[in-house]
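Structure, as structure tokens:
The values are calculated or read from the model by the stated rules, or taken from the named source; none is laboratory data. All values reported here derive from a predicted model rather than from experimental measurement. Neighbour counts run over all protein chains shown; Cβ positions are idealised from the backbone, glycine included. Side chains included, ligands, DNA and RNA excluded: accessible areas come from the protein's heavy atoms. Shrake-Rupley method; radii C 1.70, N 1.55, O 1.52, S 1.80 Å.
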Amino acid sequence: MASISLSRAQAELASAPLTGSVWLEGWAGSGKTSVGVQRILYLMERGIPAESILLFVPQRSLAQPYIRAMRGQRAHRGGQVYVHTMGSLSLKMVETFWFLVAERAGFRYPRDLPNFLSLEMVQYHMARAIEPIVAERDYFNSVRINRPRLYSQIVDNMNKAAIVGFPIDEIGSRLTSALAGGVEQAHIYGDAQTCALEFRRYCLAHNLLDFSLQLEVFRDHIWATPQARTFLRGRCKHLIVDNVEEDNPASHWLLLDLLETSDSALIIYDRDAGFRRFLGADPTAARRLRERCETKATLEGSLVMGGEVQALSGRLAAQLGPSVARANTADPRPALITEAHRFHPQMLDWVAANVDELVNARGVSPTDIVILAPFLSDALRFSLADGLARRGLPLRSHRPSRALRDEAAARALLTLARLAHPHWGLPPTNFDVVCALTTSIAGLDLTRAQLLAEMLYRNGCLLPFAEVRSSAMQDRVTFELGERYDRLAGWISRYVDGERADAIDIFFRRLFGALLSRAGYGFHADVDAANTAQNLVDSARNFRWSLDYMSRYDDDIDLGLDYVNMVDRGVIANFYARDWISDAEEGLLIAPAYTFLLSNRPVDYQFWLNIGSEGWSRRLYQPLTHPYVLSRGWQAGAVWTDEDERELNRQSLRRLLLALTRRCRKGVYLGYSELSESGYEQRGLLLETIQSLLRRLAQEGQDV
């Protein structure tokens, strides 16, 4: 068996009999996933065909420990282990049995293949489907968010309906009965309901499946087909389900069914978790699976936290709710490092200095340090990156659910695409060109980029550097940077003069490979920029494939132009697994706190920035949706009150603090400034909780 260091209790669970079901729960860091990894290896080494094993996770990135372990295995029987989320499994089943159910499900072209939509493509098609109605009827005129965010909330409503199991025509009434405090808000929910139904009609008319329709077709039509049930049950004889508390009721429904016919199962549950509630996670519903398992097991304690961190974890949680474990008598003070600052930049300098001390003086690996914030703005990321770079410490960031256009590397590529396609009639502004040159050419600062744009950007074209007549200006820019600029301008000029234009994704790939990834250009040694470029290529390619399919129904499409327009509107980016995987491998990471938790990995030290911010506990305001009102546990007719919101904030912060500290080995650095990034005083619940803990420690005779 592959070498994984397990305790006796873990080893017994991993090598349990090949029949029977086991429910395993415990804290984060108690060794549950290690049991799951070893269980898969044990099954394969005992001759179980790999293709009869289903590894089921709520998010693909959570399967990485299993995938890495299986890569090191020698040859085994029976193909490959099935690794699925509810989304990927339902897609596979709908794709396989499409022609049996397409007509019954109401699609206009049941003999044509379906087109499964990514998040980006959902936003694109929703804009085409509902914008005429929104404009004609003046919908959402009082909602002050951009259209992609608005559309994403309508999509979220439809997804919640599908995973909970109620019809999409009940969305508006459920939200209105619980939340509408006036006529205007009721109208907003009514508008959102109308748009959801219109988008569903559009999808049925064009053979499009967003996640909600895909799941409904699977649950209501595919699973009602005996051939489909026999097919899946016959292949899923051994189940490994990890982080079941982060999954949704639709997943739990399917797992309950598969448990009835599986030979063996290991269901892993993380206590005090459920961070994906905004995406439909339902820890309460997950516990129904416990009653169907023959063996119930618990792993106590933590293999991650040191004694001081464990004491800190329990004391922080106790400030917000009942104790979660027996009292730890260790002194939490050594695990809590903080210093008060008046201004935000002072706090960031303190963070950079302490990271430098950990890495360069104490020998801590950058991969064992993470910098966390409730929200990660461009300004915050830039300031931290600059402070760390001056100390020789490069920084990686991970910010999912951002618009593609918000990344500097993506904006640069889109600007260069506009320059290379003058027939689109979308010449970039001088500001866009300055930003693109700064990002694309290594060593080119904003001042010299501005000079180049003023002198050489004319009528949508970049002129050669030789057009700069002033020798003083040439010297100021420098001939080295001028040569790099010339290569870029010449590449675009040759592309424009070519016989035919490439597809937009091929254009991005060629530009990156031929020039921007080379020494002397901005993407050469920048891992974040390279990842963004690859994400943009993938996004553009998927757009092209999807729209090629749509051309049979609608030929009024210019793929490149439509793609650039879509991204310019602020479309929220797809989930890209490479971003989550590389985070664990590429050193020092800065990320939103929940993003770090969903990567599910421990570190030695954590920095919590802006602890005075209300963002640590308060959920984002979403005027068109509400994850708790649209959850399975919400009682019909109940009204969401301010007290509900306050209690939610307390419980959310408690879970967050437990989860963060349970993924920390040695210590937490608290970044605090009296004035926020915007210059306002901060008095959020996390700050109050920490201050309350410090006062209590002082009262107990521990002079902090």
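So how much slack lies between Arg569 and Glu260, counting 0.36 nm per residue of separation and subtracting their Cα-Cα distance, in nm? Walk me through the numbers on the way to the answer.
Values: separation 309, 0.36 × 309 = 111.24 nm, distance 4.74 nm.
My answer for the length gained is 106.5 nm.
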| request: Give a residue-ordered list of calculated ³J(HN,Hα) values for the stretch 461-469 (Karplus: 6.51 cos²θ - 1.76 cosθ + 1.60, θ = phi - 60°; whole Hz; x for Gly, Pro). | output: 10, 9, 7, x, 5, 5, 6, 6, 7
| query | Taking +1 at the Cβ of each Lys and Arg and -1 at the Cβ of each Asp and Glu, which of Ala533, Thr85, Leu488 sits farthest along the dipole of the chain towards its positive end, judged by Cα position relative to the Cα centre? | reply | Thr85
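Rounded to the nearest percent, how much of the accessible area of the chain (1.4 Å probe, protein heavy atoms only) is carbon and sulfur? Don't jump to the answer; show the numbers that get you there.
Details: 14710 of 30110 Å².
Carbon plus sulfur share of accessible area: 49 percent.
Sort the following peptides by mean Cβ neighbour count (other Cβ atoms within 10 Å, averaged over residues), highest first: 491-501, 250-260.
Details: 491-501: 12.5, 250-260: 18.9.
Final packing ranking: 250-260, 491-501.
If you take the square roots of the eigenvalues of the alpha-carbon gyration tensor of the stretch 404-575 and sort them as a ≥ b ≥ c, do you get rounded (a/c under 1.5), prolate (a/b over b/c) or oblate?
Details: a/c = 2.17, a/b = 1.70, b/c = 1.28.
Prolate.
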| message | Using only the alpha-carbon atoms, what does the stretch 611-704 span along each of its principal axes? Please give whole angstrom values in decreasing order. | response | 51, 31, 26
| Accessible surface of Ser173 in the full protein assembly, 1.4 angstrom probe, to the nearest 10 Å²? | 70
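Which value, in debye to the nearest 20, describes the size of the charge dipole of the stretch 115-206 about its Cα centre when Lys and Arg Cβ atoms bear +1, Asp and Glu Cβ atoms bear -1, and nothing else is charged? Walk me through the numbers before you get to the answer.
Working: 9 positive and 10 negative charges, 33 e Å.
Around 160 debye, computed over the stretch 115-206.
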| Solvent-accessible area of Asp210 with every protein chain in place, 1.4 Å probe, in Å² to the nearest 10 | 0
| query | Where nothing but the Cβ of Lys and Arg (+1) and of Asp and Glu (-1) is charged, how large is the charge dipole of the stretch 357-495 around its Cα centre, in debye to the nearest 20? | reply | 220
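Accessible area, 1.4 Å probe, largest first: how do Tyr82, Tyr151, Tyr680 sort?
Details: Tyr82 75, Tyr151 10, Tyr680 160 Å².
So the residues, ranked largest to smallest area, are Tyr680, Tyr82, Tyr151.
For the chain, what is the accessible area per residue in Å², given a 1.4 Å probe and the full set of protein chains? Walk me through the numbers before you get to the answer.
Values: 30110 Å² over 704 residues.
Each residue of the chain exposes 43 Å² on average to a 1.4 Å probe.
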| message | How large is the translational diffusion coefficient of the stretch 136-200 in µm² per second when you combine the Kirkwood radius over alpha carbon pairs with Stokes-Einstein at 4 °C and 1.567 mPa s? | response | 107
| Which order, highest average first, do 423-434, 269-280 follow once you tally other Cβ atoms within 10 Å for each residue and take the mean per peptide? | 269-280, 423-434
| remark: Along the dipole axis of the stretch 324-419 (charges at Cβ: +1 for Lys and Arg, -1 for Asp and Glu; origin at the Cα centre), the most positive-end residue among Thr329, Leu393, Phe382 is Phe382
| note | Label model pair Arg104, Thr19: point-to-point distance (7 angstrom along the Cα→beta-carbon line) in nm is 3.4
| field | Gyration tensor (alpha-carbon) shape descriptor, the stretch 375-491, a/c threshold 1.5 | value | oblate
| Cα pair distances in the stretch 236-383, grouped into 5 Å bins until the bin that holds the longest one, percent each | 2, 7, 11, 13, 14, 14, 13, 11, 7, 5, 3, 1, 0
| said: Just to be sure I understand the curve: with the Debye formula and one point per C-alpha of the stretch 1-129, what is log10 I(q)/I(0) at q = 0.18 Å⁻¹? | reply: -1.02
| message | Just to be sure I understand the model, the point goes 7 Å from the Cα along the line to the Cβ. What's the resulting Glu483 to Asp112 distance in nm? | response | 5.4
| field | Only Lys, Arg (+1) and Asp, Glu (-1) charged, at Cβ; the chain dipole about Cα centre in debye | value | 1580
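Please give the calculated 222 nm ellipticity per residue for the chain, where each DSSP H segment of at least 4 residues contributes -39500 (n - 2.57) and the sum is spread over every residue; nearest 500 deg cm²/dmol?
Working: 28 runs with 342 residues, N = 704.
Per the formula, -15000 deg cm²/dmol.
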| query | So if R0 is 25 Å, what FRET efficiency would Thr298 and Glu700 give, r being the distance between their Cβ atoms, rounded to the nearest 0.05? | reply | 0.20
| field | HN-Hα J in Hz across the stretch 215-220 - Karplus 6.51, -1.76, 1.60, θ = phi - 60°, x for Gly and Pro | value | 5, 5, 5, 5, 6, 8
| Chain lengthening between Asp169 and Thr329 when straightened (0.36 nm per residue, less Cα-Cα) | 52.2 nm
| remark: For Rg/Rh (Cα atoms, Kirkwood Rh) the list reads (1) 0.97; (2) 1.11; (3) 1.01; the calculated value is entry (1)
| task | Would you work out which of Ile145, Gln227, Val217 lies farthest towards the positive end of the dipole of the stretch 99-235? Charges go on Cβ: Lys and Arg +1, Asp and Glu -1. | result | Gln227
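Return the loop-located trypsin sites (Lys or Arg not before Pro) in the stretch 71-170 (DSSP other than H, G, I, E, B) with at most 15 other Cβ atoms within 10 Å of their own Cβ; answer none if there are none.
Details: sites: Arg71, Arg74, Arg77, Lys92, Arg104, Arg108, Arg111, Arg128, Arg137, Arg144, Arg149, Lys160; in loops: Arg74, Arg77, Arg104, Arg108, Arg111, Arg144.
When the trypsin sites (Lys or Arg not before Pro) of the stretch 71-170 are filtered for loop state and at most 15 Cβ neighbours within 10 Å, Arg74, Arg77, Arg104, Arg108, Arg111, Arg144 remain.
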| field | Gyration tensor (alpha-carbon) shape descriptor, the stretch 224-283, a/c threshold 1.5 | value | oblate
| task | List the residues of the stretch 641-676 whose backbone N lies under 20 Å from a point placed 7 Å from the Cα of Ser177 along the Cα-to-Cβ direction. | result | 641-642, 644-645
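Could you calculate the contour length gain from Gln227 to Glu95, that is, 0.36 nm times the residue separation minus the distance between their Cα atoms, to one decimal place in nm?
Values: separation 132, 0.36 × 132 = 47.52 nm, distance 1.38 nm.
The Gln227-Glu95 span can extend by a further 46.1 nm.
Assuming R0 = 35 Å, what is the FRET efficiency of Ser692 and Ser377, from their Cβ-Cβ distance, to the nearest 0.05? Can you show the working numbers first?
Values: r = 28 Å, r/R0 = 0.80.
Approximately 0.80, to the nearest 0.05.
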| If r is the Cβ-Cβ distance from Arg288 to Gln73 and R0 is 41 Å, what FRET efficiency results, to the nearest 0.05? | 0.80
| field | the chain, relative contact order in percent, only Cα pairs under 8 angstrom and at least six apart counted | value | 21
| said: Report the rotationally averaged projected area of the stretch 162-235 based on its alpha-carbon convex hull, in square nanometres. | reply: 6.0
| Computed Kirkwood radius, in angstrom, where 1/r is averaged over Cα pairs of the stretch 330-423 | 16.0
| query | If you plug each phi of the stretch 155-160 into the Karplus form 6.51 cos²θ - 1.76 cosθ + 1.60 with θ = phi - 60°, what whole-Hz ³J(HN,Hα) values come out, in order, with x for Gly and Pro? | reply | 4, 4, 4, 5, 5, 4
| said: Can you give me the solvent accessible area of Phe382 with a 1.4 Å probe, rounded to the nearest 10 Å²? | reply: 140
